[in-house]
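Let me begin by presenting the structure, written as structure tokens, before commenting on it.
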Amino acid sequence: MALRLLLLTCIALYFPPTLYGQKCPVWKQERDCNPIYERSTGLQLYVGGPTGLGSVDISGFAAKYISLHAGIGINFSGFDMGVAFHLPMRSRHVTLYGGTDLSYVDRNGVIFLPVGGRYIFCNGISVGMEVLPGADTDGEYILWGSFKIGYFFRRKY
């Protein structure tokens, strides 16, 4: 049931962001690449993160500075979804963000407030780190972190 809910959420909310992202001309050279805008949707593998030891998630920009994501734990121990607000940056490769993340792990709901950063190479590979302070449904405070690596797909113009 939880997997079906996650799948429906991904389809309804997270695939359409490619329609709203910013466009960059295809003819740009490698030195002119802007992967944050040219590659707005991707898959990421988390070590740590909101679902415990690891997860896989899909993320995409819904607007210029707002991204949405949904993920599932590697051992299907839980799932998460959230929204991140990215700071305007002068760098074309780095994005810093903060947001909210709702997780359900081992029959326990957790609200995280992730703060982190991500670097996207021109070829679409991304690396990032985040700190996840949060609280669970029992009222206990949690401080967690994650390292993530992923690939962001080139948009079709």
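The values are calculated or read from the model by the stated rules, or taken from the named source; none is laboratory data. Only a predicted model underlies this, so the values are computations on that prediction, with no experimental measurement involved. Please note: Cβ atoms are built from the backbone with ideal geometry, for glycine as well, and neighbour counts cover all protein chains shown.
Considering only residues in the range 132-157 that are closer than 16 Å to residue 55 by Cβ and among the hydrophobic types (A, V, I, L, M, F, W, C), the one that is farthest from the chain's Cα centre (by Cα) turns out to be 142. Of all residues in the range 108-117, exactly one satisfies the criterion of being at pLDDT below 90 and surrounded by 15 or more Cβ atoms within 10 Å (Cβ to Cβ), namely 110. Against the list (1) in contact with an Asp or Glu (Cβ under 8 Å, 6 or more places away or on another chain); (2) more than 13 Å from residue 46 (Cβ to Cβ); (3) surrounded by 15 or more Cβ atoms within 10 Å (Cβ to Cβ), the condition residue 99 fails is (1). Here residue 122 fulfils each of the conditions (1) at pLDDT below 90; (2) in a strand (DSSP E or B); (3) within 20 Å of residue 86 (Cα to Cα) apart from (2). Scanning the range 51-105 for residues that are closer than 15 Å to residue 132 by Cα, in contact with a Pro (Cβ under 9 Å, 6 or more places away or on another chain) and of a type in the set (S, T, N, Q) yields 100, 103. From the list 102, 96, 68, the one residue that fits, being under 13 Å from the mean Cα position of the chain (by Cα) and farther than 20 Å from residue 143 by Cα, is 68. Would you confirm, using the coordinates I've provided, whether residue 126 is under 19 Å from residue 45 (Cα atoms), more than 12 Å from the chain's Cα centre (by Cα) and surrounded by 16 or more Cβ atoms within 10 Å (Cβ to Cβ)? Considered against the rule, which asks whether it is under 19 Å from residue 45 (Cα atoms), more than 12 Å from the chain's Cα centre (by Cα) and surrounded by 16 or more Cβ atoms within 10 Å (Cβ to Cβ), residue 126 comes out as no. Of all residues in the range 60-96, which are under 18 Å from residue 125 (Cβ atoms) and either buried (at least 16 other Cβ atoms within 10 Å of the Cβ) or not aliphatic (A, V, I, L, M) (or both)? Result: 60, 61, 67, 69, 91, 92, 93, 95. Contact annotation: residue pairs with Cβ atoms under 6 Å, 6 or more positions apart or on different chains, pairing a residue in the range 143-157 that is within 11 Å of residue 125 (Cβ to Cβ) with a partner that is in a loop (DSSP other than H, G, I, E, B) and at pLDDT below 90, are 151/124; 152/39; 152/124.
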